[in-house]
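In what follows, a single structure is set out as structure tokens and then discussed.
The values are calculated or read from the model by the stated rules, or taken from the named source; none is laboratory data. Just so it is clear, the structure is predicted and the values come from calculations on it, not from any experiment. Neighbour counts are summed over all protein chains in view; Cβ atoms, including those assigned to glycine, are modelled from backbone coordinates with ideal geometry.
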Amino acid sequence: MLSKKIQNALNNQIELEAASSNYYLAMASWAESEGFNGVANFLYTHSDEERIHMIKLVRFINERGGKAVVPALKEPISKFKNLTEIFDIILKHEILVTSEINKVVDACLSEKDYTTHNFMQWYVAEQLEEESLAKNNVDKLRLIGDDKGGMYLFDRDIAALIPTATPKGK
Ligand code: OFO
């Protein structure tokens, strides 16, 4: 059985994953409307993955006899200056998600909830990949600067990153 503290921590995490899915969906839609179809595909996939992260938490809470809460969400930002701004936001957001996941892991240890602690290790591994992927994209965009040809290649080459965007075992 989940303690109230752990149930609340997991429900907060559900909200954050749902918000991530919405952010990335808004970014995907912007990229598509600006003609960056590679980036749009990458972000639509990323948005789907965040939804899966959310559902995993919903099901885990319910399996452990708790009550998962499906949250209302704020409308995400939908206007961006360029791709660099988008990937900067993603990196900052993923760093925030990592720190929130670490808080859930801390709560599991303080409550001696080793089952949830074990479950959360999947998210710890996922965040390592998500942060490094986001940082990689930010670094590439810094090198490209305002170069249109570079943007074209970035948009084309990001397709190769889609299958490796999540850890094994999902
Ligand atoms: Fe769910 O990993 Fe990003 O936010």
Fill in: Sole residue being touching a Leu at 6+ places or on another chain (Cβ under 6 Å) and either within 18 Å of Glu17 (Cβ to Cβ) or among the polar types (S, T, N, Q) (or both), chosen from Ala134, Ala72
Ala134
Item to complete: State whether one or more residues within segment 3-22 are under 18 Å from the mean Cα position of the chain (by Cα), within 15 Å of Ile158 (Cβ to Cβ) and within 16 Å of the ligand (Cβ to nearest atom).
Response: no
Discussion item. If Asn137 meets every condition in (1) more than 15 Å from the ligand (Cβ to nearest atom); (2) within 16 Å of the chain's Cα centre (by Cα) apart from one, which number is that one?
Written reply: (1)
Practice prompt. State which residue pairs qualify: first residue closer than 13 Å to Asn137 by Cβ and inside segment 81-99, second residue within 11 Å of the ligand (Cβ to nearest atom) and part of a helix (DSSP H, G or I) in any location, beta carbons under 6 Å apart, and separation of 6 or more residues or different chains.
Written response: Ile90/Ala134; Leu91/Ala134; Glu94/Glu130; Glu94/Glu131; Glu94/Ala134
Worksheet item: Is it the case that segment 141-155 has a residue that's acidic (Asp, Glu), in a helix (DSSP H, G or I) and closer than 24 Å to Met54 by Cβ?
Response: no
Practice prompt. Taking Lys112 as meeting all but one of (1) outside any helix (DSSP H, G or I); (2) within 12 Å of the ligand (Cβ to nearest atom), write down the number of the exception.
Written response: (2)
Discussion item. Would you confirm whether or not segment 152-162 contains a residue that is surrounded by 19 or more Cβ atoms within 10 Å (Cβ to Cβ), more than 21 Å from Ser20 (Cβ to Cβ) and in contact with a Phe, Trp or Tyr (Cβ under 8 Å, 6 or more places away or on another chain)?
Written reply: yes
Discussion item. Take the conditions out of contact with any Phe, Trp or Tyr (no Cβ under 9 Å at 6 or more places or on another chain), more than 29 Å from Leu153 (Cα to Cα) and within 16 Å of the ligand (Cβ to nearest atom) and apply them to Ile95. Does it pass?
Written reply: no
Worksheet item: How about segment 34-44: which of its residues are of a type outside the set (Phe, Trp, Tyr), under 17 Å from Ile89 (Cβ atoms) and either part of a helix (DSSP H, G or I) or within 10 Å of the ligand (Cβ to nearest atom) (or both)?
Response: Val39, Ala40, Leu43
Discussion item. For a quick check of your reading of the model, give me the residue pairs whose first member lies in segment 50-63 and is in a helix (DSSP H, G or I), whose second is away from the ligand (no atom under 11 Å from the Cβ) and among the aromatic types (Phe, Trp, Tyr), with beta-carbon atoms closer than 7 Å and at least 6 apart or on different chains.
Written reply: Phe60/Phe119
Discussion item. Restricting to segment 118-132, and then to whatever is touching a residue at least 60 places away in the same chain (Cβ under 8 Å) and near the ligand (Cβ under 10 Å from one of its atoms), can you tell me which residue is nearest to Lys56 (Cα to Cα)?
Written reply: Tyr123
Worksheet item: Among Leu161, Leu128, which is the only one that is closer than 24 Å to Met54 by Cβ, under 20 Å from the mean Cα position of the chain (by Cα) and either at pLDDT below 95 or of a type in the set (D, E, K, R) (or both)?
Response: Leu161
